[in-house]
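Laboratory data are not the source of any read-out in this text; all were calculated from the coordinates shown. Only a predicted model underlies this, so the values are computations on that prediction, with no experimental measurement involved. Positions of Cβ are backbone-derived with ideal geometry, glycine not excepted, and every protein chain shown enters the neighbour counts.
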Amino acid sequence: MITEHLQWLIGQDGHPWIHELSVIAVEQKLTNTVLRDVVSDVAWLSRDAGEPIPEENKSIPSGVDRDVYRLVEMYAVAQRLRFDFLFQQLYDRCRAWLSETSDALILSCAAMAAMGLRHPDGLDLYKKAIEAPDADKVVRHVALTAVWIGQHIPEQASLMLSLCSDMISKGENDANLYFRRCRAWTRLARYEEALDDIFRAMHMLGHSQNAIHQDYVREWQIILSHMEQERSLKTVVEKYGDEVRERALNQVDDITKELDEKLAKAERLVAENQLQLVQILGLFVALAAFLIGGGVTIGQASGWIQGLITIAGLAVGSLLFFAMLRWTIQYKRNN
C-alpha cells in the first residue's frame, strides 16, 4: 500500500516521495525493515521510470523528523547507485555516511561497492553488515549480492552457501536467493544442485517479470555450458590418457638411461684419477727406495765396485717395481 501511494510521486521534481515516506515512517511507526523494503521497491520503480538519482539535500525540509528524513534519503541514494552498479560513487557515499551512522544497510551497500571495485576492505564490510545488530532480510539480500559480485574472493562460494542457508532458516528465501545460490553450486562444480536452484528460482518468479526471467534462463544456459565442458574434458582425458601416460613413461626411461650414462662416466673419471694417483705414489716409493737403499749400501760397501753393483741392483729393482705397477694399472684400466 505504501509503495503504491508513493508511486504517484515518482517523476516529480525534487523526489517528493522521499519526503512523503519520511512523514509516513513517523506517523505509522515503520520498522527499519519495512522502511528499507519500501525504499528499495520505490527506488527500483524510480529507476524504471527514468528518474535521475536523488541528490542529497543540504538542508532538511521542515515538517519532518530530521533523522528519519536523513535515513530515508541515504537509503534512496544508496539503492539507486546500487541498482546502477555505480560502485565508485556508492563506495564514496557510503564511506562518508558511515562517519555519521553504523546502519547495517549502509554497511552492506558499502560492501557491495567495495566488492565491485575489488577493494581489500570488501570482505570486512560484508562481515560487519551481516553481523550488525540491526541486520535484517534487506541487509542480507544486499550482502548476498555483494559476495555474489566478489568473484576475486577465494571463499566466495562457501560464503554464499553459508549466507543462503542462514536466510532460508530465517524464512527469507525468495527467487533471487536461489538464483544467487546456484552460482555458488556452479563454482563448486556441483551442477545438479545448481540446476535444482535455478529451476526453483524460475518457478518462484512467476510470469510477470520477463526481464528477470531472462537472467535466470541465461544462468541456466551457463550451468549447461559448464556441464558440457566438463563432459568434453573427461572424454579427452579418457581418449588421450593412455597415450599421455605412455609418453611420460618413455620420457622417464630416457631420462633414467641418460642419468645412468652420466653416472658411469663420472665413476670412470674418478677411477682414472685414483689410478693416476697410485701411479704417482708408486713412482715416489720406487725413487725413495732407490735413494735410501743406495745410501745405505754405499755406507756399508767395502769398496766402490761393490757399492756400484749394489746401486745398480737397486736401480733395476726399482725400475722393475715401477714397470709392474704400470702394467697393473693399465690392466685395470682396460678391464
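When residues in the stretch 1-45 are screened for being within 18 Å of R82 (Cβ to Cβ) and of a type in the set (D, E, K, R), 3 of them pass.
Only a single criterion out of (1) closer than 21 Å to H141 by Cβ; (2) of a type outside the set (S, T, Y); (3) surrounded by 17 or more Cβ atoms within 10 Å (Cβ to Cβ) is not satisfied by I223, namely (1).
Of all residues in the stretch 67-96, those that are crowded, with 22+ Cβ neighbours inside 10 Å and closer than 18 Å to Y126 by Cα total 8. Scanning the stretch 109-127 for any residue that is in contact (Cβ under 8 Å) with a residue 24 or more places away in the chain, under 22 Å from T3 (Cβ atoms) and more than 27 Å from the chain's Cα centre (by Cα) turns up nothing. Within the stretch 2-35, the set of residues being at positive phi and without any contact (Cβ under 8 Å) to a residue 12 or more places away in the chain comprises G14, K29.
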